[in-house]
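Q: Below are the structure tokens for one structure; questions will follow.
The values are calculated or read from the model by the stated rules, or taken from the named source; none is laboratory data. Here the structure is a predicted model, which means the values were calculated and not measured. Note that we place each Cβ from the backbone using ideal geometry, even for glycine, and neighbour counts take in every protein chain shown.
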Amino acid sequence: MIRAAVFDIGGVLEIVDDDRWQDQWISRWEGLAGVAPGTLRRSPYSGHSEADFRVRVVTALSLSAEQADRAMAQWWDAYCGELDVAMRDFVASLSRSGLIVAALSNSGDGARREEQRRYNFEELFDHLVYSHEVGVEKPDPAVYRLTEERLGVLPHEIVFLDDRAGAVEGARAAGWHGLLHTSTPESIAAIQRIIASPPH
């Protein structure tokens, strides 16, 4: 029996192109600063605190404080994308039905604050597991074990939705019911089928 539904955030709850938005932001700000392409490397945020990232951007692009504020605001707008309202409403319906609902996200420092400010995820989910807070990210087996412990359920009692094949494979290896997000209607239907399936 399924007792918990776990969702990725970026690319599932948030409509965002994870493969492009960082490059687009970098290109825009390199152009505005008049520096050579490649001055900011790909994925400049990874492994750094928000404050350290801001310092790196300011230093590389010689930004004023006002420009830095604008750059960071645009970074977070791109990071958070747009809310998938239909998926949000589906998560809320699962919660009302009695399932535990949680988010498991590979994240950067500041994500909880920015996503809460925009989308109130702390009110939507029973648990939020952010990789930058727990120090391990998908598809490391440890993050699935940690999530199980926080939810208080067994692996086979979890259905999990992610738009990254590696994260889904990691979940399946952990014993979860892993689903690759395709479209919102298809993913909702797939989760509903698993929840409705009789226990083996």
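Q: Determine which member of the set Ala86, Ala4, Ala71 is among the hydrophobic types (A, V, I, L, M, F, W, C) and surrounded by fewer than 17 Cβ atoms within 10 Å (Cβ to Cβ).
A: Details: Ala4 fails: surrounded by fewer than 17 Cβ atoms within 10 Å (Cβ to Cβ); Ala71 fails: surrounded by fewer than 17 Cβ atoms within 10 Å (Cβ to Cβ).
Every option except Ala86 fails the conditions.
Q: Tell me, yes or no, whether the range 174-184 has at least one residue that is out of contact with any helix residue (DSSP H, G or I) (no Cβ under 9 Å at 6 or more places or on another chain) and within 20 Å of Ala92 (Cβ to Cβ).
A: yes
Q: Applying the selection to the range 185-200, what residues are buried (at least 18 other Cβ atoms within 10 Å of the Cβ) and out of contact with any Phe, Trp or Tyr (no Cβ under 6 Å at 6 or more places or on another chain)?
A: As a first pass, look at the range 185-200 and keep what is buried (at least 18 other Cβ atoms within 10 Å of the Cβ): 187-188, 191.
Within the range 185-200, Ser187, Ile191 qualify.
Q: Can you confirm whether Gly98 is surrounded by fewer than 16 Cβ atoms within 10 Å (Cβ to Cβ) and either under 15 Å from the mean Cα position of the chain (by Cα) or among the acidic types (Asp, Glu) (or both)?
A: Working: surrounded by fewer than 16 Cβ atoms within 10 Å (Cβ to Cβ): yes; either under 15 Å from the mean Cα position of the chain (by Cα) or among the acidic types (Asp, Glu) (or both): no.
Judged against the criteria, Gly98 is not a match.
Q: Being polar (S, T, N, Q) and either modelled with pLDDT under 95 or not assigned by TED's automatic domain parsing to the domain that holds Asp140 (or both) is the filter here, so list the residues in the range 166-200 that pass it. Give the derivation first.
A: Start the filter on the range 166-200 by keeping residues that are polar (S, T, N, Q), which leaves 182-184, 187, 192, 197.
Hits for the range 166-200 are Thr182, Ser197.
Q: Just for the range 173-200: of the residues that are of a type in the set (S, T, N, Q) and not in a helix (DSSP H, G or I), which one is nearest to Asp163 (Cα to Cα)?
A: Thr182
Q: Step by step: first the residues of the range 101-136, then only those that are small (Gly, Ala, Ser) and part of a loop (DSSP other than H, G, I, E, B), then the one that is surrounded by the fewest Cβ atoms within 10 Å (Cβ to Cβ). Which residue is that? Steps first, please.
A: Residues of the range 101-136 small (Gly, Ala, Ser): 102-103, 105, 107-108, 110-111, 131, 135.
Going one step further and asking which of them are part of a loop (DSSP other than H, G, I, E, B), we end up with 107-108, 110, 135.
Working: Ser107: 23, Gly108: 21, Gly110: 19, Gly135: 10.
Applying the filter and picking the extreme gives Gly135.
Q: Here is a further query. Filter the range 80-100 down to residues that are part of a helix (DSSP H, G or I), free of Cβ contacts under 8 Å to residues at least 24 places away in the same chain and of a type outside the set (Lys, Arg), then give me how many there are.
A: Going through the range 80-100, the residues part of a helix (DSSP H, G or I) turn out to be 80, 85-96.
Next, only the ones that are free of Cβ contacts under 8 Å to residues at least 24 places away in the same chain stay: 85, 89, 93, 96.
Add one more test, that the residue is of a type outside the set (Lys, Arg), and what stays is 85, 89, 93.
Qualifying residue count, the range 80-100: 3.
Q: Might you let me know whether the range 28-35 holds any residue that is outside the structural domain of Gly110 (by TED's automatic domain parsing), under 30 Å from Ser183 (Cβ atoms) and modelled with pLDDT under 90? Write out each step before concluding.
A: First, the residues of the range 28-35 that are outside the structural domain of Gly110 (by TED's automatic domain parsing): 28-35.
Then keep just the ones that are under 30 Å from Ser183 (Cβ atoms); that gives 28.
Next, from what is left, pick out any that are modelled with pLDDT under 90: none.
No: the range 28-35 contains no residue that is outside the structural domain of Gly110 (by TED's automatic domain parsing), under 30 Å from Ser183 (Cβ atoms) and modelled with pLDDT under 90.
Q: Looking only at the range 154-169, filter to residues that are under 15 Å from Phe7 (Cβ atoms) and not in a strand (DSSP E or B); which one of those is farthest from the chain's Cα centre (by Cα)?
A: So the residue we want is Val168.
Table: residues versus (1) in a helix (DSSP H, G or I); (2) in contact with a helix residue (DSSP H, G or I) (Cβ under 9 Å, 6 or more places away or on another chain).
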position	(1), (2)
Val6	no, yes
Ser27	yes, no
Ala51	yes, no
Gln67	yes, yes
Ala71	yes, yes
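Q: List every residue pair whose Cβ atoms lie under 6 Å apart, where the two residues are 6 or more positions apart in sequence or sit on different chains, the first residue falls within the range 150-171 and is surrounded by fewer than 22 Cβ atoms within 10 Å (Cβ to Cβ), and the second residue, located anywhere, is modelled with pLDDT of 95 or more and aromatic (Phe, Trp, Tyr).
A: Short answer, once both residue conditions are applied: Pro155/Trp176.
Q: Sticking with this structure for a sec: Specify which of the listed residues (Ala60, Ala73, Ala33) is farther than 24 Å from Val6 by Cβ and without any contact (Cβ under 8 Å) to a residue 12 or more places away in the chain.
A: When all the criteria are applied, what remains is Ala73.
Q: Also, quick follow-up: Under the condition of being among the acidic types (Asp, Glu) and touching a strand residue (DSSP E or B) at 6+ places or on another chain (Cβ under 6 Å), which residue from the range 1-27 is modelled with the highest pLDDT?
A: Going through the qualifying residues, I end up with Asp8.
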